[in-house]
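Chemist: There's a structure below that I have some questions on.
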Amino acid sequence: MVDFRITEEQRAHVTWVRDFMDSTVRPMAAELDKVVDPNERFPWQMIEKAHSIGLMRFGLPEAYGGTPVDEVTMCLIMEEFGAGDVGSTGIIAQYWNAISLIDRMGNDFHRDTFIRPYLDDPRSVYALALTEPTAGTDAQLPYDSPEAGPLLEAVPDGDEVVLNGVKTYISYSTGANVFIVFARTDLSVPFTEGLTAFIVPKDTPGFRLAHTFDLMGHRLAPIARLEFDDCRIPKENQLSAWNSGFAELSRFTIGRYWVGARCLGVARAAFDMALEYAKNRVQGGKPIIEHQMVARQIGEMAMTIEAARTTIWKAAWAAQHPDQADPIVLRMARVLGSEAAMKVALDAVRIFGGPGTFTDVGVEKLLRDAATGLHPAPLDVQLMIMGHVLAGTRQGPVAQVNVAS
Ligand SMILES: Cc1cc2nc3c(=O)[nH]c(=O)nc-3n(C[C@H](O)[C@H](O)[C@H](O)COP(=O)(O)OP(=O)(O)OC[C@H]3O[C@@H](n4cnc5c(N)ncnc54)[C@H](O)[C@@H]3O)c2cc1C
């Protein structure tokens, strides 16, 4: 009934991605991570290379040149992304995610206008904007008062729709050419019933990047505040059905365990570094791995990774078998992956002793990356939702909304 063997085909995909991580992503990320200005940190070189080797197309629907792979393979690739650099590789995951979203939610006009022209553009990047300054968790765990949730408003005006308001913490905005924006189209009802998705190209008049935030970790995935001031888009840019944006986004399940799997990659990278160091660093006349406390720490790190990986694989397997869909396991995969990254990266810093905190060693970067992974869709909220779902006590919609991180 259960089979954990990795096939030759899966191994080949993983080797291809791992080679790209080793040759291009990790060295580039180590350098760009040190760039002070977040607006100068966008990993263009890596994205262009990913386009040139066919990686950007890999995870797309077949109609756009993607390679059909099962969910567990995708999950293995996400782990490689996390082990390479969790921030910059999120741009690729988001590209796959956003194109699938437009393909599923939209029509032929959207496919011809916002997918096909960008497939061969080596600088095509997508952003997905839901969060607002006053609507963070409220957009994940809907607080069903009409004045709560996203308030950026979209009003029809002849052949156009006019957007006014602010979105914030939107990943990859500094490089994105296409923004999927969730706007209120009815302010008299809870936002879950009054939200519509639109597509806003980056050069649209009235739309601007107002501020780029600097990040502790995950630094190659800059997040920004977006302002819409009488921003007019053609009415054809309406992506979801009117007032159905939240329901359609909630039904879109692609990529739900990806963040957990990418965080798992951070944990694995930290573990590999710590194990190597423990085998070579000599104190007390022997490699520190031969001291029982360090060996125990290494054992516990491996156990933490394995527990998270098993749950993430189960979530991926369930995603492949819709009759086995399990929202609890999907959330567990997200939480366990993120917590494994944080715990293992912290232990790795401890095993390195003093050098663990040096910026040229690389292990402190993994701890910063791991900590940033705790925040999008706060883990405590995920755990709380699980408790309510299990107890049957949650009133109103419960959605795992899939924004990038
Ligand atoms: C790196 C990063 C990338 C992101 N990328 C995107 C993106 O691409 N697109 C996008 O739309 N958004 C994005 N976000 C925003 C992200 O989804 C929000 O940060 C998240 O939803 C939490 O909102 P908040 O930060 O305002 O925290 P708040 O909602 O203010 O929460 C603060 C604290 O209160 C707790 N809390 C809040 N409400 C409740 C409740 N009802 N019950 C119990 N506890 C509660 C939370 O657990 C948290 O600990 C990103 C954020 C980060 C950090």
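The values are calculated or read from the model by the stated rules, or taken from the named source; none is laboratory data. Here the structure is a predicted model, which is why all the values come from computation and not from measurement. We place every Cβ from the backbone using ideal geometry, glycine too, and count neighbours over all the protein chains shown. Surface areas here come from the heavy atoms of the whole protein model, side chains and all, with no ligands, DNA or RNA. Shrake-Rupley method; radii C 1.70, N 1.55, O 1.52, S 1.80 Å.
Chemist: What number of residues in the stretch 164-220 are open to solvent by 10 Å² or more (accessible area, probe 1.4 Å) and either assigned to a helix (DSSP H, G or I) or closer than 17 Å to Asp37 by Cα (or both)? So that I can check it myself, show each step before the final result.
Modeler: Let us first name the residues in the stretch 164-220 that are open to solvent by 10 Å² or more (accessible area, probe 1.4 Å), namely 164-166, 169, 171, 174, 177, 185-190, 192-193, 201-216, 218-219.
Subsequent filtering for residues that are either assigned to a helix (DSSP H, G or I) or closer than 17 Å to Asp37 by Cα (or both) retains 169, 171, 174, 192-193, 209-216, 218-219.
Counting residues in the stretch 164-220 that are open to solvent by 10 Å² or more (accessible area, probe 1.4 Å) and either assigned to a helix (DSSP H, G or I) or closer than 17 Å to Asp37 by Cα (or both) gives 15.
Chemist: In addition: Out of all the residues in the stretch 143-173, which are in contact with a helix residue (DSSP H, G or I) (Cβ under 7 Å, 6 or more places away or on another chain) and either more than 16 Å from Thr204 (Cα to Cα) or within 14 Å of the ligand (Cβ to nearest atom) (or both)? I'd like the intermediate steps shown before the answer.
Modeler: Kept after step one, since they are in contact with a helix residue (DSSP H, G or I) (Cβ under 7 Å, 6 or more places away or on another chain), are these residues of the stretch 143-173: 144, 148-150, 156, 159-161, 171-172.
Correct list: Asp144, Ala148, Gly149, Pro150, Pro156, Ser171, Tyr172.
Chemist: Collect the residues in the stretch 268-310 that are within 16 Å of Ile77 (Cα to Cα) and open to solvent by 30 Å² or more (accessible area, probe 1.4 Å), keeping them in residue-number order.
Modeler: Arg268, Arg309, Thr310
Chemist: Sticking with this structure for a sec: Can we say Pro61 is open to solvent by less than 60 Å² (accessible area, probe 1.4 Å) and touching a strand residue (DSSP E or B) at 6+ places or on another chain (Cβ under 6 Å)?
Modeler: Values: open to solvent by less than 60 Å² (accessible area, probe 1.4 Å): yes; touching a strand residue (DSSP E or B) at 6+ places or on another chain (Cβ under 6 Å): no.
For Pro61, the condition - open to solvent by less than 60 Å² (accessible area, probe 1.4 Å) and touching a strand residue (DSSP E or B) at 6+ places or on another chain (Cβ under 6 Å) - is not met.
Chemist: Now for a different question. Restricted to the stretch 106-142, and to residues that are within 16 Å of the ligand (Cβ to nearest atom) and part of a helix (DSSP H, G or I), which residue is least open to solvent (accessible area, probe 1.4 Å)?
Modeler: At the first step, the residues of the stretch 106-142 found to be within 16 Å of the ligand (Cβ to nearest atom) are 125-142.
Subsequent filtering for residues that are part of a helix (DSSP H, G or I) retains 137-139.
Values: Thr137: 49, Asp138: 50, Ala139: 1 Å².
Looking at residues that are within 16 Å of the ligand (Cβ to nearest atom) and part of a helix (DSSP H, G or I), I get Ala139.
Chemist: Conditions first: (1) open to solvent by less than 10 Å² (accessible area, probe 1.4 Å); (2) farther than 28 Å from Ile223 by Cα. Asp323 passes all but one, so which condition is the exception?
Modeler: So Asp323 meets the others, but not (1).
Chemist: Evaluate the following for Gly66: is it in a helix (DSSP H, G or I) and in contact with a Gly (Cβ under 9 Å, 6 or more places away or on another chain)? Spell out the reasoning first.
Modeler: Working: in a helix (DSSP H, G or I): no; in contact with a Gly (Cβ under 9 Å, 6 or more places away or on another chain): yes.
No, not satisfied.
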